[in-house]
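Notes follow the structure.
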Amino acid sequence: MIERAALPRSKVPPWVHIVRKELHVYARTYYTEVTYVILFPTLLVLSLRWGIGEGKVTVAGMEYLRFIAPGVLLLAAVTTAFFNVGFIMIFEKEYSGAFQGILTCPVTVTDVVLGKVVSGATKATINGLAVTLLLAVVVGFPLQATTLLVIPLLFVTSLLFSAGGLAMGVVLRKGYQLGSIGNLVILPATFAGGMFFDYHTQLPSSLIPIVALSPVTMAIDGLRSTMIGGSGDIVLQMVGITIAFLLMFLLARWTYDATLLR
Amino acid sequence: MEPSAPVAIALEGLRKCYGDLVAVDDLRLEVNEGEILALLGPNGAGKSTTLRMLTGLTRPSAGSATVAGIDVCVDAVGVRRHLGIVPQENTLDRELTVRQNLEFHGQLHRLPTAYRRRRIEEVLDFIDLRHRQHAFPSELSGGMKRRVTLAKALLHEPPILFLDEPTTGLDPQSRRKVWDRIMQLRRKGLTVLLTTHHLDEAELLCDRIGIIDAGRLVALGTPAQLRARLPASGVLELTWDAVAIGPAAAARLEADLRRLVGEGLATELDLRGGRARLQTERKGELLRAVVTQLPDHFSGIDLRQPRLEDVYLHLTGSETRD
């Protein structure tokens, strides 16, 4: 048997380097990415303001544009998380060959999945913070210490959607397929989760427990509490979203294992 | 290579099925330390699938394999720590420069910073691309990308190297450069498992050659041993312009060549549009018969010793595989 020359090994696990590499590439295109990400929320909020007028409509005791701001923010962040990780995965796997390059290294499935998911969530959170600042200016909610809770909420929800994007990116071979699936999941989940209306009072009572269990609903509720005040236990919401993320992470890991290492 | 060198790679009844398709079937093979062994075979023969199994990227359906003494089914990550892998396709990250690609690869191998930086300098010199270290892959030629992929594979000083069709798609100059690097590695005592369908490449670089067809190992030996397996001491190659002589004359010519085989002057005939290859034990008689009995349609007549290509075609057939 070959005696391998003993090399000291770096203590930094490979997934950290995958995150660093992804963020290095992201930093090069940051301004372009952020421009794209803030475009949709800006247009949406401004259109609604011009359409319904400022302060004329209230929901759950809040001015309507303020009420929808957390959902708009969440939509921007999870869209980044899902599509960024999914598209990169499809591109590297099917077209550029870079993913094959990673597979030639002594990295575990967990390393790769964790690296991709954490990097996707980090990018989504940074983009989300840009949207938060935009909304603070356009909608006019106060920036205070509790607003910082937006960061962990956005991050953990983005982890969930990054893992979903990765699982889809592993299975799918074309970018447009990812678009279809994303639109089938993300938009209905955010709309049903109370982005535009107060689900506590406006949904049939039989649907409320189902909607309330959705991690997207928990995230919107949590963001609403931290940004403009509202009901809900933010710790419980974080725990719920984290459990959903862990399940999605296991699914992504299993999908990777079953699909790419056949 | 030492005749009794320890085994670096061992395959024991390795098999891979995708549904009803058997991609690799009962592969048994040993590669000794310091040896360069080529797996030669047509497209779809199972060469790349074999390499994927040996790197732990595809699970065998049956059988076992060890690389550097490590079972690939038990510790695939441990196996890859001992391996340098040059896959068939370009695996460079197009978002990173040459140097950043090497840096990232070294980080994934968990190489300590000082060692990693020293090795990057060394491999850049080895592939002669220090002057392009800040270029992105899109700014490199195909041959340069191949050399960078080789540099990545060598960064962590692996004792074993897997090269999956390392020169496919390269121009002759680039192929020669990659060959030069492989020969340098051979002198350093690396064990190399190489897949190729370039016979000249296999003959030039390798100690032994395994010919694989339809997932099975059909022959294994040194180039000389393989040539000795051909049931003929000579090969007569004939070429003609099939269009110029017309279809009727071409058909008659092919019938005449088949007749020569029927008369026992040749043992095997391989006919491909305007070209015939006859294997024979009766070189003089065959040549005389061709010159005196057949119409003079030939643009080339070449009587020669058997080459590896003849053995390969004898064992795998001449039909195109897709």
With point charges of +1 on the Cβ of Lys and Arg and -1 on the Cβ of Asp and Glu, referenced to the Cα centre of chain A, which listed residue (A:Ser225, A:Leu207, A:Met248) lies farthest in the positive direction of the dipole? A:Met248
Place a +1 charge on the Cβ of each Lys and Arg in the stretch B:69-201 and a -1 charge on the Cβ of each Asp and Glu, then give the dipole magnitude about the Cα centre in debye, rounded to the nearest 20. 460 debye
Skip the ligands, DNA and RNA, and give the accessible area per residue of the protein assembly as shown with a 1.4 Å probe, whole Å². 43 Å²
In whole angstrom, the spacing between the Cα centers of the stretch A:109-169 and the stretch B:114-150 equals 36 Å
Quick one: which residues, 5 or more positions from B:Gly234 or on another chain, have an amide H under 5 Å from its amide H? H modelled 1.01 Å from N in the peptide plane, none for Pro or chain starts. B:Thr280
Which whole number gives the average, over all residues in B:79-86, of C-beta atoms from other chains lying within 10 Å of the residue C-beta? 3
In debye, nearest 20, what is the charge dipole magnitude of the protein assembly as shown about its Cα centre with +1 on Lys and Arg Cβ and -1 on Asp and Glu Cβ, if you could check? 1080 debye
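In debye to the nearest 20, how big a dipole does the stretch B:234-305 give about its Cα centre with +1 on each Lys and Arg Cβ and -1 on each Asp and Glu Cβ?
Around 40 debye, computed over the stretch B:234-305.
Using a cut-off of 12 Å between beta-carbons, work out the net charge of the residues near A:Ala130 (Lys and Arg +1, Asp and Glu -1, A:Ala130 not included).
Charge balance in the 12 Å sphere: 0.
From other protein chains only, count the Cβ atoms within 10 Å of every residue's Cβ in B:57-70, then give the mean.
The shielding value for this peptide is 2.
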Carbon and sulfur: what percent of chain A's accessible surface (1.4 Å probe)? 70 percent
Sites A:Tyr95 and B:Ala249, calculated FRET efficiency, Cβ-Cβ separation with R0 35 Å, nearest 0.05: 0.10
Of A:Ile38, A:Gly51, A:Gly61, which is farthest on the positive side of the dipole of chain A, counting Cα position, with +1 on Lys and Arg Cβ, -1 on Asp and Glu Cβ, and the Cα centre as origin? A:Ile38
Leaving ligands, DNA and RNA out of it, report the carbon-plus-sulfur percent of the accessible area of the stretch B:7-228 at a 1.4 Å probe. 48 percent
Considering only the other residues whose Cβ falls under 13 Å of the Cβ of B:Tyr18, what net charge follows from Lys and Arg at +1 and Asp and Glu at -1? +3
Filter the trypsin sites (Lys or Arg not before Pro) in the stretch A:36-94 down to the DSSP loop ones having no more than 10 other Cβ atoms within 10 Å, then list what survives. A:Lys56
Looking only at GluC sites (Glu not before Pro) in DSSP loops with at most 15 other Cβ atoms within 10 Å, what is the longest site-free stretch of chain A? A:55-262
How high is the relative contact order of chain A, in percent, counting Cα pairs under 8 Å that sit 6 or more residues apart? 26 percent
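Can you give the FRET efficiency for B:Gln184 and A:Phe191, using 1/(1 + (r/R0)^6), R0 = 60 Å, r = Cβ-Cβ distance, to the nearest 0.05?
0.45
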B:Lys283: which aspartates and glutamates have alpha carbons under 18 Å from its alpha carbon, excluding same-chain residues fewer than 8 sequence positions away? B:Glu237, B:Asp256, B:Glu263, B:Glu268, B:Asp270, B:Asp302, B:Asp310
So which residues of the stretch A:104-120 lose at least 40 Å² of accessible area, probe 1.4 Å, when you go from the chain by itself to every protein chain present? A:Thr104, A:Cys105, A:Pro106
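All other residues with a Cβ under 15 Å from the Cβ of B:Arg229 taken together, and with Lys, Arg as +1 and Asp, Glu as -1, what is their net charge?
Residues close to B:Arg229 contribute a combined charge of -3.
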Total accessible surface hidden between B and A, rounded to 100 Å², 1.4 Å probe: 3600 Å²
Using θ = phi - 60° and the Karplus curve 6.51 cos²θ - 1.76 cosθ + 1.60, what whole-Hz ³J(HN,Hα) does each residue of the stretch B:34-48 get, with Gly and Pro shown as x? x, 8, 10, 10, 9, 9, 10, x, x, 4, x, 6, x, 5, 5
On average, how many beta carbons from a partner chain sit within 10 Å of the beta carbon of a residue in A:241-249? 0
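The values are calculated or read from the model by the stated rules, or taken from the named source; none is laboratory data. Just so you know, these numbers come straight off a predicted model, no measurement behind them. Every residue, glycine among them, receives a Cβ derived from its backbone with ideal geometry; neighbour counts consider all protein chains shown. Just the protein is used for accessible areas: all its heavy atoms, side chains included, with ligands, DNA and RNA removed. Shrake-Rupley method; radii C 1.70, N 1.55, O 1.52, S 1.80 Å.
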